[in-house]
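Q: Let me begin by handing over the structure; questions about it come next.
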Ligand code: PEP
């Protein structure tokens with residue numbers, strides 16, 4: 001049984017004060033939710049303050065990135081154990097914006113994923129095709145490479161606890177959502193491929209969909225057998241809309 005995970009990726013939004021205020025608003029709205037894991041991923045500077053705010057709640061905390069080295073002369077970077085120390089249990093790795101604007105590759109995704117596990121964090125590894133790649137009919141090929149290279153060399157236990165986020169790049173922040181069938185097709189492909197590589201871990205790995213998820217489309221997406229939750233940008237910024245996503249069953 002895979003517990004659904006609804007993860008809010010706040011990207012580069014909210015000051016410390018705004019982040020804490022958003023959590024104060026969200027906490028009572030999701031206090032009665034027991035069947036869905038709720039995760040918020042603010043910017044680095046807000047992590048510690050948010051971790052204090054969510055103490056004694058079921059809401060979990062994640063970072064949006066990390067660096068794979070443990071410490072040293074890497075100006076501007078944050079290590080896995082520092083992310084853990086700030087109160088995180090999850091970390092997003094290889095978001096398409098990081099691949100596009102910051103040169104992340106499957107190789108750096110792999111290093112970061114292993115380093116995250118080394119610090120006791122659960123990585124949420126993002127994969128997804130661009131519009132051009134979809135139009136060229138190479139979606140599966142692109143995703144296969146991202147999974148095989150980005151997730152190579154994990155232990156069975158790591159492979160089971162990992163979270164994958166399928167985020168078609170053309171659907172992120174554009175208001176264009178993949179249809180439930182389009183998303184399910186790729187999620188099923190990912191699970192089958194994962195079974196080839198990691199055998200029974202394919203049954204426990206959670207595969208989130210990301211790309212313009214909102215309170216109107218969430219329940220149809222979540223009905224799909226291989227969609228185990230959402231990685232949500234825009235609609236996670238307001239407590240009200242994010243709580244509606246978390247409560248997609250109601
Ligand atoms: C994201 O940030 O991962 C994302 C899917 O954004 P949005 O929900 O705004 O499309």
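Q: Scan the stretch 172-182 and give yes if some residue there is more than 29 Å from residue 18 (Cβ to Cβ), without any contact (Cβ under 8 Å) to a residue 60 or more places away in the chain and within 14 Å of the ligand (Cβ to nearest atom), otherwise no.
A: yes
Q: Would you check which residues across the stretch 78-119 are within 16 Å of the ligand (Cβ to nearest atom), touching a helix residue (DSSP H, G or I) at 6+ places or on another chain (Cβ under 6 Å) and either in contact (Cβ under 8 Å) with a residue 60 or more places away in the chain or assigned to a helix (DSSP H, G or I) (or both) and list them?
A: If the condition is that a residue be within 16 Å of the ligand (Cβ to nearest atom), touching a helix residue (DSSP H, G or I) at 6+ places or on another chain (Cβ under 6 Å) and either in contact (Cβ under 8 Å) with a residue 60 or more places away in the chain or assigned to a helix (DSSP H, G or I) (or both), then 96, 109 are the ones that fit.
Q: Please enumerate the residues belonging to the stretch 11-38 that are touching a strand residue (DSSP E or B) at 6+ places or on another chain (Cβ under 6 Å) and over 30 Å from residue 102 (Cα atoms).
A: 30, 36
Q: Would you pick out the residues in the stretch 1-17 that are surrounded by 14 or more Cβ atoms within 10 Å (Cβ to Cβ) and under 28 Å from residue 78 (Cβ atoms)?
A: Answer for the stretch 1-17, where residues must be surrounded by 14 or more Cβ atoms within 10 Å (Cβ to Cβ) and under 28 Å from residue 78 (Cβ atoms): 5, 6, 7, 8, 9, 10, 11, 13, 14, 16.
Q: In the stretch 120-135, is there at least one residue being assigned to a loop (DSSP other than H, G, I, E, B), within 12 Å of the ligand (Cβ to nearest atom) and at pLDDT below 95?
A: No.
Q: Then there's this: Restricting attention to the stretch 151-168, does a residue exist that is within 15 Å of the ligand (Cβ to nearest atom), under 16 Å from the mean Cα position of the chain (by Cα) and surrounded by fewer than 19 Cβ atoms within 10 Å (Cβ to Cβ)?
A: No: zero hits.
Q: Do the conditions hold for residue 227, that is, is it more than 10 Å from the ligand (Cβ to nearest atom), crowded, with 17+ Cβ neighbours inside 10 Å, on the phi < 0 side of the Ramachandran plot and assigned to a strand (DSSP E or B)?
A: Considered against the rule, which asks whether it is more than 10 Å from the ligand (Cβ to nearest atom), crowded, with 17+ Cβ neighbours inside 10 Å, on the phi < 0 side of the Ramachandran plot and assigned to a strand (DSSP E or B), residue 227 comes out as no.
Q: Shifting gears a bit: Here are the criteria: (1) part of a loop (DSSP other than H, G, I, E, B); (2) within 15 Å of residue 239 (Cα to Cα). Tell me which single one residue 28 does not satisfy.
A: (1)
Q: Among the residues in the stretch 192-206, are any under 30 Å from residue 12 (Cβ atoms) and within 16 Å of the ligand (Cβ to nearest atom)?
A: yes
The values are calculated or read from the model by the stated rules, or taken from the named source; none is laboratory data. Keep in mind it's a predicted model, so treat the numbers as computed, not measured. Backbone-built Cβ (ideal geometry, glycine too); neighbour counts: all protein chains shown.
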